[in-house]
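Colleague: Quick one: the structure is below, and I'll ask about it shortly.
The values are calculated or read from the model by the stated rules, or taken from the named source; none is laboratory data. What you see is a predicted model, and the numbers here were worked out from it, not measured in a lab. Cβ placement follows ideal geometry from the backbone for every residue including glycine, while neighbour counts extend to all protein chains displayed.
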Amino acid sequence: MTPIGSVVFTRAGVWRGAQQAVPMVAGLAPFGIVAGTLAQAHGLTWLEALLMSALVFAGAGQVLALSYWAHPVTAVFACLVVNLRMLLMGPSLAVWLDRLSGWRVWGSLFFMADHNWALSITDLRSGGRDGGFLLGSGLMLWVAWVCGCAVGFAVGDLIRPSAGHPLYFIALAVFIALLVPLWRGRRDALPWLVAAVVGVVAQRLLPQGAWYIIAGAVAGSLVGVIRDRWGSAERG
Amino acid sequence: MIGGAALSVANLVEGPNLLTILGMLVGTYGCRAGGYWLFRQIRPTPFIRGMLEYLPGSLFVAYVVPSLLSGGPWQWAAAAATVAVMAVRRNFAWAIAAGTATAWIGWWFR
């Protein structure tokens, strides 16, 4: 373990992050194409479509907001609700962020997406102490996202795959693959099981937005920490 | 000339659309940065820190499992292929390719 306080932010870290995010591009690009196509279908100009992807950089939020595009307040609200999980994601990177300041924190957070967040957690847990990793991996995804949207906007319905096409499975496969290095052995079994059950039940009860993800995530983490404290109290 | 360029940009960005996009930016960046900003202000308890230890896995499980359940057996096989390749090779590109290929075979035979 590196001693606490020795977090750095180097160009090498940014580059390493960018390289590790390359396989994720395959999962992001088809989704970006869909977002670009939808933006075109809802009458946005190319500049508006690119601005949205560049500034918002959140796939599910953009797709959902576009489906409410005629009602701007609902669109903004829907986008916000889907992205509420990000409130929980930032603090998990505190080991890096606490020892950085200025744009290195608040700029890197702009580029925090699900994929590079998970990569960063894995890197952090294996002893990585270069905060540039988050920014580099995020930049790689951001470029892929904006390019995907541009392609989607340009070619529109020509290449848009039908619903249920296996291309959409890529996005899911990325998240399944990201889970594997997050598994730390038996102590994760109970929290993950609870997260799965609560996620499935909550999705049935609250299909709108992404509340089920938040419900499952909070339930799983709560069970994990309570089980640990109970265990140490009984031993102690 | 400059006036013409400004006019054509104005044609490309409509006020209401721009406002909606900016609203989405504020909401999304607010979530990205706001959670950690709050965390910095409040000196979190060991309980909260313990929760954050379990959050990453739980969050992705809560996202993946409901999608898979509504997907059917070929998606489950594809998920298994992704996990197997990832566990053995620790390589995202191979794992994603194996999972997608399996899903594609299933789609072929549907």
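Colleague: Tell me which helices (runs of 4 or more DSSP H) are completely within region B:21-110 and hold 2 or more residues being farther than 25 Å from residue A:119 by Cβ, at pLDDT below 95 and small (Gly, Ala, Ser), or say none if there are none. Give the derivation first.
Modeller: Values: elements: B:46-69, B:73-89, B:92-108.
Passing ranges: none, list empty.
Colleague: Being more than 8 Å from chain B (Cβ to nearest Cβ), more than 30 Å from residue A:156 (Cα to Cα) and of a type in the set (Ser, Thr, Tyr), is that true of even one residue in region A:42-63?
Modeller: The answer is no, given that none of the residues of region A:42-63 is more than 8 Å from chain B (Cβ to nearest Cβ), more than 30 Å from residue A:156 (Cα to Cα) and of a type in the set (Ser, Thr, Tyr).
Colleague: Just name the residue that is nearest to the other protein chains (Cβ to nearest Cβ) out of those in region A:97-125 that are more than 30 Å from residue A:172 (Cβ to Cβ) and of a type outside the set (Gly, Ala, Ser).
Modeller: A:106
Colleague: Being buried (at least 24 other Cβ atoms within 10 Å of the Cβ) and over 16 Å from the mean Cα position of the chain (by Cα): is that true of residue A:96 here?
Modeller: Numbers: buried (at least 24 other Cβ atoms within 10 Å of the Cβ): yes; over 16 Å from the mean Cα position of the chain (by Cα): yes.
Yes: the conditions hold for residue A:96.
Colleague: Quick check on residue A:127: is it over 21 Å from the mean Cα position of the chain (by Cα) and without any contact (Cβ under 8 Å) to a residue 24 or more places away in the chain? Working first, answer last.
Modeller: On the way: over 21 Å from the mean Cα position of the chain (by Cα): yes; without any contact (Cβ under 8 Å) to a residue 24 or more places away in the chain: no.
So residue A:127 fails the test.
Colleague: Just a yes or no: is a residue in region A:126-141 surrounded by fewer than 18 Cβ atoms within 10 Å (Cβ to Cβ), more than 7 Å from every other protein chain (Cβ to nearest Cβ) and among the basic types (Lys, Arg)?
Modeller: Within region A:126-141, not a single residue is surrounded by fewer than 18 Cβ atoms within 10 Å (Cβ to Cβ), more than 7 Å from every other protein chain (Cβ to nearest Cβ) and among the basic types (Lys, Arg).
Colleague: Would you call residue A:150 in contact (Cβ under 8 Å) with a residue 24 or more places away in the chain, among the small types (Gly, Ala, Ser) and crowded, with 21+ Cβ neighbours inside 10 Å?
Modeller: When the stated conditions are applied, residue A:150 does not pass them.
Colleague: Let me ask you something else. Look at residue A:44 and say whether it is buried (at least 20 other Cβ atoms within 10 Å of the Cβ) and not in a helix (DSSP H, G or I).
Modeller: Yes, satisfied.
Colleague: What pairs come out if I take residues in region A:15-34 that are more than 15 Å from residue A:152 (Cα to Cα) and pair them with residues that are outside any helix (DSSP H, G or I) and charged (D, E, K, R) whose C-beta lies under 8 Å away, six or more apart or interchain?
Modeller: Filtered contacts from region A:15-34: A:16/A:130.
Colleague: Looking at (1) loosely packed, with under 15 Cβ neighbours inside 10 Å; (2) without any contact (Cβ under 8 Å) to a residue 12 or more places away in the chain, which one does residue A:55 not meet, given that it meets all the others?
Modeller: (1)
Colleague: Counting just the residues of region A:8-37 that are part of a helix (DSSP H, G or I) and surrounded by fewer than 19 Cβ atoms within 10 Å (Cβ to Cβ), which one comes out nearest to the chain's Cα centre (by Cα)?
Modeller: Per the criteria, the residue is A:22.
Colleague: Scan region B:82-101 residue by residue and report those that are more than 9 Å from every other protein chain (Cβ to nearest Cβ) and surrounded by 14 or more Cβ atoms within 10 Å (Cβ to Cβ). Reasoning before the result, please.
Modeller: Keep residues of region B:82-101 that are more than 9 Å from every other protein chain (Cβ to nearest Cβ), which gives B:84, B:88-89.
Result: B:84, single match.
Colleague: In addition: How about region B:12-55: which of its residues are within 7 Å of chain A (Cβ to nearest Cβ) and of a type in the set (Ser, Thr, Tyr)?
Modeller: Within region B:12-55, B:20, B:28, B:29, B:36, B:54 qualify.
Colleague: Hey, another quick one. List pairs: first in region B:82-104 and over 16 Å from residue A:23 (Cβ atoms), second surrounded by fewer than 16 Cβ atoms within 10 Å (Cβ to Cβ), Cβ under 7 Å, 6+ apart or cross-chain?
Modeller: Pairs that qualify, where the first residue is over 16 Å from residue A:23 (Cβ atoms) and the partner is surrounded by fewer than 16 Cβ atoms within 10 Å (Cβ to Cβ), are B:102/B:77.
Colleague: Let me ask something else. If you go through region B:56-79 one residue at a time, how many are crowded, with 24+ Cβ neighbours inside 10 Å and more than 7 Å from chain A (Cβ to nearest Cβ)?
Modeller: Adding up the residues that qualify gives 0.
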